[in-house]
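Read the figures in this text as sums done on the coordinates, not as results from a lab. Remember, it's a predicted structure, so these values are computed and weren't measured experimentally. We place every Cβ from the backbone using ideal geometry, glycine too, and count neighbours over all the protein chains shown.
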Amino acid sequence: MTDQDLRASEKKSSGAVFIICPYIVRGPHRVMDPKARLEEAKGLAEAIQLDIKGAEFFKQHVIRPATYISKGHVEDFIGLIKEAQINVVFIDAPISPVQQRNLEKAWNCKVIDRTSLILEIFGERARTAEGRLQVELAALTYQRSRLVRSWTHLERQRGGLGFIGGPGETQLELDRRLIDERLGRIKNELEDVKRTRALHRKARKRVPYPIVALVGYTNAGKSTLFNRLTHANVMAEHMLFATLDPTMRRVELPSGREIILSDTVGFISDLPTLLIAAFRATLEEVVEADLILHVRDISHPESHAQSQDVFEVLKDLGLAAIYEGHGIEVLNKCDLLEDDEVTRLRAQSVRMTHPAQCVISALDGEGVETLLTKIDQFLASKEKTYDFQISLTEGKKIAWVYAHGQVLSRADDEVYAHLKVKLSSENKERFDQMLGDG
């Protein structure tokens, strides 16, 4: 039995899980269908192999301060939870510490909310040191807000050793201080990671390949497309948040131009704010991207709603303007659609320019060559024509121009190579820096 199988077995043996998805009625602007939201909640539970014994959604007009859901619903679930021997109830909503405590008392079992479960998934999936730090930062921030429910003995005092708290410091205060100290250390470590990333980006600018970043709703097929384009073997499974840590590979386009392709964490509706903050460093590659590919599962019944959720997260990160000016919508999983629907989408994509669209199946490769051509065309559209006069003795600079631009013509005299070259503005700036460096 593998370690992963063992962990899955432990998850299942840890207790039966019941999922509750309260559909809060918010007028005509509700984005996701409640049944689709329930299926997504199941997907979150299945992502860490929880043993689902049942799931229900119901409409609710008001959030109750004490229990989030109505008193009637709380009482209705008591018998079901007891009869099915449920150990954990997952409420697909952000509940407060007080609401969590009251529900646990009423149902006599553990209660977790959407934020807690997503943190659990992220904690299990993070592989790099940076990913683990980001998860711990988010988890400790979440835990700190819930310390009040962890201790029922606040009257108990800790005494006199200075390094663990002065006279009269409660257990709660001690725990909060220890968490704050750990948070401070993590933030410092993440700053070091960000500085390292900045150095890597600076190095890439010296050997400049355009960066193309994949973004999209979780399980939209980003990693499958990444593997298709790069011939890599990044984890790509039919589960939510299969990819957490950023992965980058070099790809050659039809014109011979080379790019760096970056796979990123999947977005999700109501992504906890503390996770957006914690994973901002992961998404910095998107900030630096020359082009953003928004991968959509076009076969999903909530594809449009998922697209809106991705755009909202991009707005929260200050990236919406980048996407609107430097984005291609990749309508993935066309192999799951009827032929006439694929034909309609292709006709639509021909008309779309802001953002451009491309219909593909990352799984079987349909449309992928067209996508590569569109990427090529986009990057070419950013290029301008320049005339260079470079000494024939400066072979390194001449070679750099050939490697990073399209040489339209060349004429040599006894001293200089006279080149007419198409270059992106970024590469022109880098070439000017080379000239300045002598």
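Taking a point 7 angstrom from the Cα of GLN308 along the C-beta vector, which residues in region 40-60 have backbone N less than 19 Å away?
40-41, 59-60
Rg to Rh for region 300-346: what is it, with Cα atoms only and Rh by Kirkwood? Walk me through the numbers on the way to the answer.
Numbers: Rg = 13.1 Å, Rh = 12.3 Å.
Taking Rg over the Kirkwood Rh, I get 1.07.
Picking from LEU392, ALA417, VAL407, whose Cα lies most toward the positive end of the charge dipole for region 383-436 (charges on Cβ: Lys, Arg +1; Asp, Glu -1)?
In region 383-436, that residue is VAL407.
What nm distance separates the two modelled labels at ARG249 and ARG64, each placed 7 Å from Cα along Cα→Cβ?
Taking the two extended label points, one gets 5.1 nm.
What is the extension gain from GLN143 to THR353, computed as 0.36 nm multiplied by their sequence separation minus the C-alpha to C-alpha distance, in nm to one decimal?
71.1 nm
Around VAL350, with a cut-off of 12 angstrom between Cβ atoms, what is the net charge of the other residues, counting Lys and Arg +1 and Asp and Glu -1?
On the way: positive: ARG344, ARG346, ARG351, LYS374; negative: none.
Net local charge, VAL350 excluded: +4.
What net charge do the residues around LYS315 carry, taking every other residue with its C-beta under 13 Å from that of LYS315, with Lys and Arg at +1 and Asp and Glu at -1? Walk me through the intermediate numbers first.
Numbers: positive: none; negative: ASP309, GLU312, ASP316, GLU324.
Net of charged neighbours comes to -4.
Which FRET efficiency, nearest 0.05, do GLU369 and LYS71 yield, Cβ-Cβ r, R0 45 Å? Write out the running numbers ahead of the final one.
On the way: r = 59 Å, r/R0 = 1.31.
Here the calculated transfer efficiency is 0.15.
Calculate log10 I(q)/I(0) of region 383-436 for q = 0.16, 0.20, 0.23, 0.27 Å⁻¹, where I(q) comes from the Debye formula with a single equal point scatterer on each Cα and nothing for solvent.
For region 383-436 at q = 0.16, 0.20, 0.23, 0.27 Å⁻¹, log10 I(q)/I(0) is -0.40, -0.64, -0.85, -1.15.
What spacing in nm lies between the two simple spin-label points modelled at ARG346 and GLU258, each 7 Å away from Cα in the Cβ direction?
Distance between label points: 3.3 nm.
For region 326-435, run through the GluC sites (Glu not before Pro) and keep only the ones in DSSP coil with at most 13 other Cβ atoms within 10 Å of their Cβ.
Working: sites: GLU329, GLU338, GLU341, GLU366, GLU369, GLU383, GLU394, GLU414, GLU426, GLU429; in loops: GLU338, GLU366, GLU394, GLU414.
Of the GluC sites (Glu not before Pro), the ones in loops of region 326-435 whose Cβ has at most 13 other Cβ atoms within 10 Å are GLU338, GLU414.
Could you calculate the contour length gain from GLU83 to ASP335, that is, 0.36 nm times the residue separation minus the distance between their Cα atoms, to one decimal place in nm? Before the final figure, lay out each step's value.
Details: separation 252, 0.36 × 252 = 90.72 nm, distance 4.31 nm.
Answer, rounded to one decimal: 86.4 nm.
Any idea what diffusion coefficient region 297-438 gets from Stokes-Einstein, in µm²/s, Kirkwood Rh on alpha carbon pairs, 20 °C, 1.002 mPa s? Write down the numbers at each step before the final one.
Numbers: Rh = 18.3 Å.
So the translational diffusion coefficient is about 117 µm²/s.
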